[in-house]
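Take a look at the structure set out below.
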Amino acid sequence: MDKNWDSLTSLQKEALRQLEFESVLAKVEKYCISSMGREIIRGLCPVNEIYFLLREHDLIGETCEIMAEETEIPLEGLHDVRESLHKSKVTNSILSTTEILRIKEISRVSRLLKKYFDDKKHKYPVMTDEVEALHQNLLLEKHISDSIDDIGEVRDTASRELQRIRRSIHDKSNKLRARLQRILKKVVEEDFAREDFYTLREGRFVLPVKSEHKRHISGIIHGVSQTGATVFLEPAEIIELNNELSLLLNEEKREIAKILMDLTSEIGYEANDLLRSAEIMAHIDSILGRAKYSLEFGGIKPKIVEDKRVYMRDIRHPLLVHSKGREKVIPLNIDFDTQKRGHLISGPNAGGKTVALKSMGLNIALALSGVFPIGEVHTNYCNIYSCIGDHQSIENDLSTFSSQMYQLKQILDETDSNSLILVDEIGSGTDPQEGAALAAGILDTFLELKVFFVATTHQSSLKTYALNRKEIDNASLEFNENELKPTYKFLPGIPGNSYAFHLAENLGMSRLVLQRARKYLGNKQKELEKSISVLQKHISDAESLKIEANKNKIKADKARKKFEEKFSEIKQTRQEHINEAKEKASEIVDNANAAIEKAIRDIQEEKKSFKDVKKEFNLKKEKIQKSVNAENRKPGNAKPKLKLEKGGSVTMDDSDSIGSIIEIDENGKFAVVDFNGLKFRVSTDKLSPVLVKEKQIKTSSKTDHIRFDVESKLDIRGMRAEAALRELDIFIGDALVSSSLNILTIVHGKGTGALRKAVQDYLKQQSGIKSFRDGQIVEGGSGVTIVEI
């Protein structure tokens, strides 16, 4: 990477701070397993290495797929052992048993992780390539397991010498305890002992003796109780045994130190490989954390390109999504290119302008840092600068306006054409006319520098300024005038009103004061605000009509598709009938030819009289005729020719739907028929005229009466979430068009539950769904979802 936090300029760091970028990373890092993974997340920042970003995004994408379709990635047990591994490389160093066990865990996780992807290299090539360099050493793991148990104790079998020493310790301890027990029994009988037990002091066995009897027993005192009533005395009789036991215990310590030193040395030889593996696994842990975050909050893989263009679709402010949920945050769309470099956002206070500004900056910053943004982002690398919030400083004697101007001056000095600049309330905090003029000058400079920028404002003159600059687009946040509250819906291409009078009135300001104030509002300002309101209403109405038209188009496309499928099926059935009829006709002709040939042969050979031959031939002829008549009487084989007229009502073979003839060609072989709003060119021999009442025609034109055979079960196991939802959308649409189904089964499998969650989140948004539930055990349990429509 070319960039990290240390290489960012102070202005770039300040921009990320203003955007609350680190707060988003703090949320992402909670999904990591290890402290090393969390450390990587905290260090993320926008980088200009496109290959690196593309690989990071591919790794996250593959991990999302794994979480939806596979078992959990084996990363449990990942610890930060880097300090211990560096220590192991120092000659004669000794690691503790806890450190050694953690290093064994690192080796084990490394081995399991590599094995996990061994049979998945074709399905997840990027992740498989990432784990390729992981180090594994089964012999080291075995040596550690043979020497240290799971709770960190060195095993007796770690060496022959340790086994001998511990056996001696065991024998000596038993002998000492037995002798001490005899002494204790005697002392208790003489009432010299405070308690009926012995204990350890300074690694030596002692008796708790009453202070007044300490001179009655020969030995060494090793301590006194807090009250002074008890002394801990080592009887002279066991001093030698205690000495021998102490020597053995020291031998044990030396042997354990030797065993641990040998293990440490063995680890030291592998340390560099293990360090590299630890770094790879920490990176994978950070990828896993980013993937979990993406699945939790609906992150979408961004597209990083080299050409200078930025566009964002349905982006949301990440911190709002964290607190309120994705569905409760209004998304926004925005574009930048060489022709449209800037956006000027206007509108009332608390209308969402600053949130919109931060949403743009945050999502681009996440995409350029290797985290999936909350929405669709297509961007090139850009240095992000911002001037957001009140930077008034009493200490530095700076007002809000002065602080903003100072920061903008620094940005102008540092920025280049590969920059995105975000400015909140540009030119505010001073005389409105002068502030607007200064703001216009700054925006002109942004255009000259060829940067991308977004600025928010209340200045009406700036809205007019933007209208006269083809490179700048006006935008606003929608405001509901009836309810006097913002909707937070982003409206590109439309300036916004400040609604200062509406808000003041809503807050209880006297109408008299407002009437007096309106006298000072110029006519041009009133006309501008009125024009903006009308424009916003027209745009809102157009958007509603567009949504409705799209819904109708989807329904029409589905109905057309069904008709085409049905028509194809009819053509196939017709061809099958034709082929069958040809076979039967051929059979009839063959039978007739055989009868004729037999009659001729009988006559020629004079086997029968001409009269008998004629009689037999007539019987055969009559039998064939009956067979032909039977075929003709079958439904569909014979159809009376009825008159077809333009405007007349007809039905098509194998369909009860009634259509209307729009036109008939000159030869009368084909007709264009309107079936339920869909037009088809159909051969006239497939049409039958019908006489229907007007009411019947209207009723039959409704798509509610269309009948098609549809599947009641959809299996999407093993599919990616996006592909699965596309299949699900078609499946639900088909079922809603059909009136023959009301219960559907969606098989998504259990896995991690991510695909099940995606399916059920989709179903919650569909108005045609009455209810849905997890399947019962006999239906497939949580691996299926049962839907009622």
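The values are calculated or read from the model by the stated rules, or taken from the named source; none is laboratory data. Computed from a predicted model, the values in this text were never measured in an experiment. For neighbour counting, all protein chains shown are included, and Cβ atoms are generated from backbone atoms with ideal geometry for every residue, glycine included. Heavy atoms of the whole protein, side chains included, go into the accessibility calculation; ligands, DNA and RNA do not. Shrake-Rupley method; radii C 1.70, N 1.55, O 1.52, S 1.80 Å.
Those strands (runs of 3 or more DSSP E) of segment 298-362 in which 1 or more residues are open to solvent by less than 50 Å² (accessible area, probe 1.4 Å) and of a type in the set (S, T, N, Q) occupy 342-346. Of all residues in segment 80-121, exactly one satisfies the criterion of being acidic (D, E) and in contact (Cβ under 8 Å) with a residue 40 or more places away in the chain, namely D80. Selection of segment 775-789 for residues being open to solvent by 20 Å² or more (accessible area, probe 1.4 Å) and either under 21 Å from K328 (Cα atoms) or touching a strand residue (DSSP E or B) at 6+ places or on another chain (Cβ under 9 Å) (or both) yields Q776, E779, G780, S782, E788, I789. Is it the case that segment 100-107 has a residue that's open to solvent by 20 Å² or more (accessible area, probe 1.4 Å) and farther than 19 Å from L274 by Cα? The answer is no, given that none of the residues of segment 100-107 is open to solvent by 20 Å² or more (accessible area, probe 1.4 Å) and farther than 19 Å from L274 by Cα. Inspection of segment 193-205 finds no residue satisfying the criterion of being assigned to a helix (DSSP H, G or I) and either open to solvent by 30 Å² or more (accessible area, probe 1.4 Å) or of a type in the set (G, A, S) (or both).
Taken as a whole, the condition of being in contact with a strand residue (DSSP E or B) (Cβ under 9 Å, 6 or more places away or on another chain) and assigned to a helix (DSSP H, G or I) applies to L11. Given the residues K172, K214, which is the only one that is closer than 15 Å to L245 by Cβ and not aliphatic (A, V, I, L, M)? Matching residue, one of K172, K214: K172.
When the strands (runs of 3 or more DSSP E) confined to segment 445-514 are screened for residues that are at pLDDT 70 or above and among the β-branched types (V, I, T), those reaching at least 3 such residues are found at 452-457. For segment 8-48, the set of residues classified as of a type in the set (D, E, K, R) and over 30 Å from I106 (Cβ atoms) consists of K13, E14, R17, E20, listed by residue number.
Can you find a residue that is open to solvent by less than 20 Å² (accessible area, probe 1.4 Å), in contact (Cβ under 8 Å) with a residue 60 or more places away in the chain and within 30 Å of L274 (Cα to Cα) anywhere in segment 159-178? Yes, the conditions are met somewhere in segment 159-178. Please determine, by comparing only the residues of segment 179-191 that are under 16 Å from E234 (Cβ atoms) and either touching a helix residue (DSSP H, G or I) at 6+ places or on another chain (Cβ under 7 Å) or acidic (D, E) (or both), which one is surrounded by the most Cβ atoms within 10 Å (Cβ to Cβ). Here the residue is L180. The condition (being surrounded by fewer than 18 Cβ atoms within 10 Å (Cβ to Cβ) and small (G, A, S)) is satisfied by just one residue among A282, A257, A291, A271: A257. Within segment 201-214, track down each residue that is modelled with pLDDT under 75 and over 60 Å from the mean Cα position of the chain (by Cα). Scanning segment 201-214 gives E202, E212, H213, K214. Within the set L241, L233, L263, the sole residue that is farther than 30 Å from A178 by Cβ, open to solvent by less than 20 Å² (accessible area, probe 1.4 Å) and aliphatic (A, V, I, L, M) turns out to be L263. Suppose the filter is touching a Pro at 6+ places or on another chain (Cβ under 6 Å) and at pLDDT 65 or above; does V673 pass it? Answer is no for this residue. So which residues in segment 398-435 are surrounded by fewer than 21 Cβ atoms within 10 Å (Cβ to Cβ), within 34 Å of the chain's Cα centre (by Cα) and not in a loop (DSSP other than H, G, I, E, B), if there are any at all? Hit for segment 398-435 is S419, nothing else. Across segment 534-577, the qualifying residues are those that are polar (S, T, N, Q) and either open to solvent by 60 Å² or more (accessible area, probe 1.4 Å) or touching a strand residue (DSSP E or B) at 6+ places or on another chain (Cβ under 9 Å) (or both), and the one among them that is modelled with the lowest pLDDT is Q536. Kindly check whether there is at least one residue in segment 136-147 that is modelled with pLDDT of 90 or more, of a type in the set (K, R) and open to solvent by less than 50 Å² (accessible area, probe 1.4 Å). No, that holds for no residue. Considering segment 8-57, and only residues there that are of a type in the set (D, E) and within 17 Å of Y381 (Cβ to Cβ), the residue that is least open to solvent (accessible area, probe 1.4 Å) turns out to be E56.
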